[in-house]
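Student: Okay, handing you the structure first.
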Amino acid sequence: MIKQNSIFEASTIKYIMAPVVSGFSKLSKADKIKWLAEHHFSNDATATNTLTTYWNSDDSLQQLHDEFTENTISNYYLPFSVAPNFLINNTRYTLPMTIEESSVVAAASKAAKFWQNRGGFKAEVLSTVKVGQVHFTYTGSYKKLAQFFTSVKPDLLQSVSSITRNMEKRGGGVQEIELRDKTAEIDNYYQLHCTFETADAMGANFINSCLEQFAKTLVTKAKQYNGFSETEKNIEIIMSILSNYVPQCIVRAEVSCAIDELPNTDQLSSQQYAKKFVRAVRIAEVEPYRAVTHNKGIMNGIDAVVLATGNDFRAIEAGAHAYAAKDGKYKSLTHAEIKDDRFIFTIEIPLALGTVGGLTSLHPLVKLALQLLGKPNAKKLMEITAVAGLAQNFAAINSLITTGIQQGHMKMHLMNILNQFNATDQEKEQLVEYFKTNTVTHSEVVTQIEKLRA
Ligand code: MEV
């Protein structure tokens, strides 16, 4: 039995177990750090210093960040990078990218540069419908429930009019409410399956507010409905929540060029390159083990733009992977083909993004990122983000089918390894020079550092 606030050992590792704490969120930031230092870091000043080093010297900016979430004790930095030369629908963009993985921005920039001389990227939003559901239990005749639903539908819509007024002015609102019978899967389970347009907002709060109101109206009206028996009047709401599965909020992006405009090397002619590329994508269309990594590479680009523009990358990830499995088998989100001597590479992906609300006007770097993109509306941001995914996938497959991924990856990772060993500027300069002509591996970097220091 492990005692609270005790140090116990598992093999050679010591763990410290903190006491239960109540009212932690109400402590001041300084007291929260004091509590952490005392119970998790044996009052070692290094921990406190690490946390406070990352505070912003501008108090009001720090307060803004503190108030984004609960129990904020410091800031967690990620690089804010840019990838220039993205020609999208004949407009040139510099993409903001927030990501820690060393080679992603370099790869995106390389792909952008390659395609800017071949017509650039074309992107188009195909649909922008979002979904939310009220899940409920009803015990009784489905026919009566369907009749009740038809009679109550105008009341449902009316009950959210104060929530939808502003959204309607911006061109959004509730699109449709449908009653769905799910009793084949779970006894007495039904849904209000609702669709929405949310204009330039991602729309989560708008959708959830509408759904919770639909749920209340449904319950109240059922109680008053004369066509129901006493049992049927008792609709039980299980939950009301938007869906991050948005297969009708889709953007498509494409690049294409004549085959002889593709890379042509001693190892691979343009023709062979095109065939090998198409085959590599085809493998990700039939083999889930490959598809997951392939799509992960796409999400390297997408998440980086999503994060930089203050959007919810977890929602985007969940929706994208669900879409990749929509045909009953997980597969690639991109497709490549050769048609009439042209190489065509496309992506189709759901992206429920917003350019208003949330962090978009609050976080100074998010604001800057959106300015950098020319203050796009949600549809433009969907196009730009899909392009980031396609570019990233192009760069990854280009490396995989030619040099292999490690060459570029380890070159970019070199600086991380050097920093791990606290290399001085002079050491960095010498080793960067050395690795221009030598393969970067962790052990080779260590050997060379040791050699320099010997
Ligand atoms: C690494 O973050 C992403 C890749 O593995 C993607 C891919 O394999 O296509 C390089």
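Student: For region 159-194, give me the residue count where each residue is outside any helix (DSSP H, G or I) and touching a Gly at 6+ places or on another chain (Cβ under 8 Å).
Tutor: Of the residues in region 159-194, 2 are outside any helix (DSSP H, G or I) and touching a Gly at 6+ places or on another chain (Cβ under 8 Å).
Student: If only one of LYS275, LYS296 is within 23 Å of the chain's Cα centre (by Cα) and not hydrophobic (A, V, I, L, M, F, W, C), which one is it?
Tutor: Only one candidate qualifies: LYS296.
Student: Here's another thing I want to ask about it. Identify the single condition in (1) in contact (Cβ under 8 Å) with a residue 40 or more places away in the chain; (2) surrounded by fewer than 20 Cβ atoms within 10 Å (Cβ to Cβ); (3) in a helix (DSSP H, G or I) that GLU348 does not satisfy, given that it satisfies every other one.
Tutor: Only one criterion is unmet by GLU348, namely (3).
Student: Right, next: Applying the selection to region 297-314, what residues are surrounded by fewer than 20 Cβ atoms within 10 Å (Cβ to Cβ) and in contact with a helix residue (DSSP H, G or I) (Cβ under 9 Å, 6 or more places away or on another chain)?
Tutor: ASP312, PHE313
Student: Are any residues in region 165-198 under 18 Å from TYR245 (Cα atoms) and of a type in the set (A, V, I, L, M, F, W, C), and if so, which ones?
Tutor: Across region 165-198, the qualifying residues are VAL174, ILE177, LEU192, CYS194, PHE196.
Student: Is it true that some residue in region 388-398 is among the hydrophobic types (A, V, I, L, M, F, W, C) and more than 16 Å from the ligand (Cβ to nearest atom)?
Tutor: No, every residue in region 388-398 fails to be among the hydrophobic types (A, V, I, L, M, F, W, C) and more than 16 Å from the ligand (Cβ to nearest atom).
Student: Return the pairs, sorted by first residue and then second, in which the second residue is within 10 Å of the ligand (Cβ to nearest atom) and among the hydrophobic types (A, V, I, L, M, F, W, C), the first residue lies in region 394-421 and is under 15 Å from ILE99 (Cβ atoms), the beta carbons are less than 6 Å apart, and the residues are 6+ apart or on different chains.
Tutor: Here the result reads ALA395/ALA107, each pair linking region 394-421 to a residue that is within 10 Å of the ligand (Cβ to nearest atom) and among the hydrophobic types (A, V, I, L, M, F, W, C).
Student: Within the set of pairs 6+ apart or on separate chains, which have a first residue in region 285-303 that is under 11 Å from TYR330 (Cβ atoms), a second that is β-branched (Val, Ile, Thr) and more than 8 Å from the ligand (Cβ to nearest atom), and C-beta atoms under 7 Å apart?
Tutor: Cβ pairs passing all conditions: ARG290/ILE283.
Student: Here are some residues: GLN272, GLN248, GLN267. Which one is at pLDDT 95 or above, more than 16 Å from the ligand (Cβ to nearest atom) and part of a loop (DSSP other than H, G, I, E, B)?
Tutor: From the options GLN272, GLN248, GLN267, the qualifying one is GLN248.
Student: A follow-up question, please. List, please: which pairs have Cβ atoms under 6 Å, are six or more places apart or on different chains, and start with a residue in region 104-121 that is within 16 Å of the ligand (Cβ to nearest atom) and modelled with pLDDT of 95 or more and end with one that is part of a helix (DSSP H, G or I) and among the polar types (S, T, N, Q)?
Tutor: Within 6 Å, the pairs are VAL104/ASN300; ALA108/GLN392.
The values are calculated or read from the model by the stated rules, or taken from the named source; none is laboratory data. Computed from a predicted model, the values in this text were never measured in an experiment. All Cβ positions, even for glycine, are placed from backbone atoms using ideal geometry, and neighbour counts span all protein chains on display.
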